[in-house]
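Participant: Okay, here's the structure, questions in a sec.
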Amino acid sequence: MLFRSMLGKSVLDRYEAANHEPENPSALRAFGVTKTGGPALVNRRFADADVRIVTGFIEPHFFAGFSGGVKGIFPGVAGLETVMSNHGAHHIGDPNASFGKTFGNPLWEELRDLALRVGPSFLLNVALNEKRAITGVFAGDLIEAHRQGCRSEEHTSELQSQFR
């Protein structure tokens, strides 16, 4: 019933919708291990899809630099063990794990590396201002489209005003 209210009957008549099960081993596929040796697990349906579309919005994240981008995969459809490994004190405590920093941020870089292991994904992210109005739309390559969204002048000025 929740899917029907969120997506509508016409979408559900044409497409299958499923909940992610981050603690169900049979719902996850392994893609090696994280840098700290934890399992790199992602939703099996996502991994097996012919087309992977990652959606979300871009805003500062207090230890991952920015939301959106690879975070739509890891942690978005990752296994709980993977999320807990990546979000551990070893990453969160790193001085480079901070607002507005992705490259050079060990937490974000591990998320990026894990997401790229799964295979190509198409990104559709929006940038939002403090009123949650869309200030930009960024689509295409998972990494490059997200990078453009993080760097957009309108978005950057809106973000800077929020954190002064």
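The values are calculated or read from the model by the stated rules, or taken from the named source; none is laboratory data. Just so you know, these numbers come straight off a predicted model, no measurement behind them. We place every Cβ from the backbone using ideal geometry, glycine too, and count neighbours over all the protein chains shown. In case anyone asks, the SASA skips ligands and DNA or RNA and just uses the protein heavy atoms, side chains included. Shrake-Rupley method; radii C 1.70, N 1.55, O 1.52, S 1.80 Å.
Participant: With each label point set 7 Å from Cα along the Cα-Cβ vector, what nm distance links A133 and E16?
Facilitator: Going by the 7 Å Cα→Cβ label model, 4.2 nm.
Participant: Hey, can you rank 40-52, 102-114, 10-22 by average C-beta count inside 10 Å, highest first? Display every interim value, and only then the final one.
Facilitator: Working: 40-52: 17.5, 102-114: 20.2, 10-22: 11.1.
In descending order of packing, they fall as 102-114, 40-52, 10-22.
Participant: At a probe radius of 1.4 Å, what is the per-residue accessible area of M6, in Å² to the nearest 10?
Facilitator: Surface open to solvent at M6 totals about 120 Å².
Participant: Enter the accessible area of I92 (Å², nearest 10), with the probe set to 1.4 Å and all protein chains included.
Facilitator: My reading of the accessible area for I92 is about 70 Å².
Participant: What number comes out for accessible area per residue over region 43-121 if the probe is 1.4 Å? Units Å², please.
Facilitator: Spelled out: the 1.4 Å probe surface of region 43-121, per residue, equals 43 Å².
Participant: Between the alpha-carbon centers of region 9-31 and region 111-145, tell me the distance in whole angstrom.
Facilitator: Here the answer is 21 Å between Cα centres.
Participant: Go ahead and run the numbers for FRET between F103 and A30, Cβ-Cβ distance against an R0 of 30 Å, rounding to 0.05.
Facilitator: Working: r = 27 Å, r/R0 = 0.89.
FRET efficiency, F103 to A30: 0.65.
Participant: Additional query: So, with +1 on the Cβ of K and R and -1 on the Cβ of D and E, and no other charges, what is the size of the charge dipole of the chain about its Cα centre, to the nearest 20 debye? All intermediate terms of the calculation are to be shown ahead of the outcome.
Facilitator: On the way: 17 positive and 18 negative charges, 39 e Å.
Dipole magnitude for the chain comes out near 180 debye.
Participant: Here's something else I'd like to know. Please list K101, K131 in order of solvent-accessible area, largest first, computed with a 1.4 Å probe with all protein chains present. Walk me through the numbers before you get to the answer.
Facilitator: Values: K101 70, K131 160 Å².
Highest to lowest solvent-accessible surface, that is K131, K101.
Participant: Only bridges with both residues in region 15-140 count here: give the DSSP antiparallel percent, nearest 5. Numbers along the way, then the final one.
Facilitator: Working: 13 of 19 bridges.
Restricted to region 15-140, the bridges split so that about 70 percent are antiparallel.
Participant: Apply 1/(1 + (r/R0)^6) to the Cβ-Cβ distance of E23 and F57, taking R0 = 30 Å, and write down the FRET efficiency to the nearest 0.05. Don't skip to the end; give the middle numbers.
Facilitator: On the way: r = 26 Å, r/R0 = 0.86.
Calculated value: 0.70.
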